[in-house]
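Everything on this sheet refers to the single structure shown next.
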Amino acid sequence: MAWIRLDKYLADMQVGTRSQVKEKIKKGRVVVDGVTITRPEEKIDGEQAIVSVDGIQVNYSEYEYYMLHKPAGVLTATMDKKQKTVIDLLDKTARKDLFPVGRLDKDTEGLLLITNDGALAHDLLAPKKHVDKQYYAKVKGMITQKHIEAFAKGVVIDGEYQTMPAVLEIVRAAADMSEILVTIREGKFHQIKKMFLATGSEVLYLKRLSMGTLRLDETLEAGAYRPLTEEELADLQRITKKAEGLEKNE
Ligand code: URA
């Protein structure tokens, strides 16, 4: 990102809607590098320019990254006419180009990355990139070594698709309900629920704990979110770059 229209710069940074910021610019309330600019379409250097509105400096950030603890009952979508979405959980002042990376079912809880960085999102989701996602689940019935072996081979779901190998760990096994950790590398629709159905069980509760190096911050209550730390972001960028090499070698 280098050159950007002044009205877009300010609207992206939530100074106001596009028409509100146009008005502010036309009224001479916006100063760029010490010069008052009155043309909304003026292009400025988004990385270098020092921009202020009514004397208050507005810095530009091209990309933003948040970790959301998705609660059950909320759709993983940017908008929906009837139901509440994960984007509705964000503050009203949040920028408007944010979207969730990947999909958790409505009844699934846990880690969801929210960003406006399409390239990183693509890299994290591409099956070839081998980004592990770990889930905790409560499932019906006794889970045994047989399940572990079936998951390790890959399970046939939808009657035809063999999943990639998955790592299943038993946290607590009991006749009525077991608790497990499962790590998958893909994100097929209802994948974990289907994998358990295919092996004679059923998911009763599902929570995503991690995606690649990013782990759900357990201090975040369901419904809460926070920006990624610099380290969390750098780690995600590093694993997607590493995965790029893997992909090329395949
Ligand atoms: N697998 C599922 O079945 N559901 C999810 O929400 C995520 C993975």
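The values are calculated or read from the model by the stated rules, or taken from the named source; none is laboratory data. None of these values were measured; they are calculated from a predicted model. As a convention, Cβ positions derive from the backbone with ideal geometry for all residues, glycine included, and neighbour counts pool all protein chains shown.
Filtering segment 54-99 to residues that are within 16 Å of the ligand (Cβ to nearest atom) and closer than 24 Å to LYS138 by Cβ leaves LEU68, HIS69, LYS70, PRO71, ALA72, GLY73, VAL74, LEU75, THR76, VAL86. It is to be established whether one or more residues within segment 95-112 are in contact with a Leu (Cβ under 8 Å, 6 or more places away or on another chain), in a loop (DSSP other than H, G, I, E, B) and small (Gly, Ala, Ser). Yes: one or more hits. Hey, can you tell me all the residues within segment 200-216 that are within 13 Å of the ligand (Cβ to nearest atom), in a strand (DSSP E or B) and of a type in the set (D, E, K, R)? Within segment 200-216, LYS207, ARG208 meet the criteria. When LEU120 is tested against (1) out of contact with any Ser or Thr (no Cβ under 8 Å at 6 or more places or on another chain); (2) on the phi < 0 side of the Ramachandran plot, only condition (1) is not met.
Here LEU104 does not fit the description of being surrounded by 15 or more Cβ atoms within 10 Å (Cβ to Cβ), within 13 Å of the ligand (Cβ to nearest atom) and at pLDDT below 95. In summary, strands (runs of 3 or more DSSP E) completely within segment 23-90 and bearing 1 or more residues that are of a type outside the set (D, E, K, R) and under 18 Å from GLY102 (Cβ atoms) occur at 65-70. Name the single residue that is farthest from the chain's Cα centre (by Cα) among those in segment 200-230 being closer than 18 Å to THR144 by Cα and surrounded by fewer than 20 Cβ atoms within 10 Å (Cβ to Cβ). Among those that are closer than 18 Å to THR144 by Cα and surrounded by fewer than 20 Cβ atoms within 10 Å (Cβ to Cβ), it is GLY200. Sort out which residues of segment 154-173 are more than 16 Å from SER201 (Cβ to Cβ) and not in a strand (DSSP E or B), and write them in order of number. Passing the criteria: GLY154, ASP158, GLY159, GLU160, MET164, PRO165.
Conditions (1) out of contact with any helix residue (DSSP H, G or I) (no Cβ under 7 Å at 6 or more places or on another chain); (2) under 27 Å from MET13 (Cβ atoms); (3) in the same structural domain as ARG238 (by TED's automatic domain parsing), marked per residue:
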position	(1), (2), (3)
PRO100	no, yes, yes
LYS106	yes, no, yes
GLU109	yes, no, yes
GLY118	yes, yes, yes
TYR136	yes, no, no
GLN145	yes, no, no
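All told, ALA77 falls short of being among the small types (Gly, Ala, Ser), buried (at least 16 other Cβ atoms within 10 Å of the Cβ) and not assigned by TED's automatic domain parsing to the domain that holds ALA119.
All of LEU197, LEU120, LEU181, LEU111 fail the test of being more than 16 Å from the ligand (Cβ to nearest atom) and modelled with pLDDT of 95 or more, apart from LEU120.
Within segment 162-178, the set of residues being more than 12 Å from the ligand (Cβ to nearest atom) and either of a type in the set (Ser, Thr, Tyr) or under 23 Å from ALA121 (Cα atoms) (or both) comprises MET164, PRO165, SER178.
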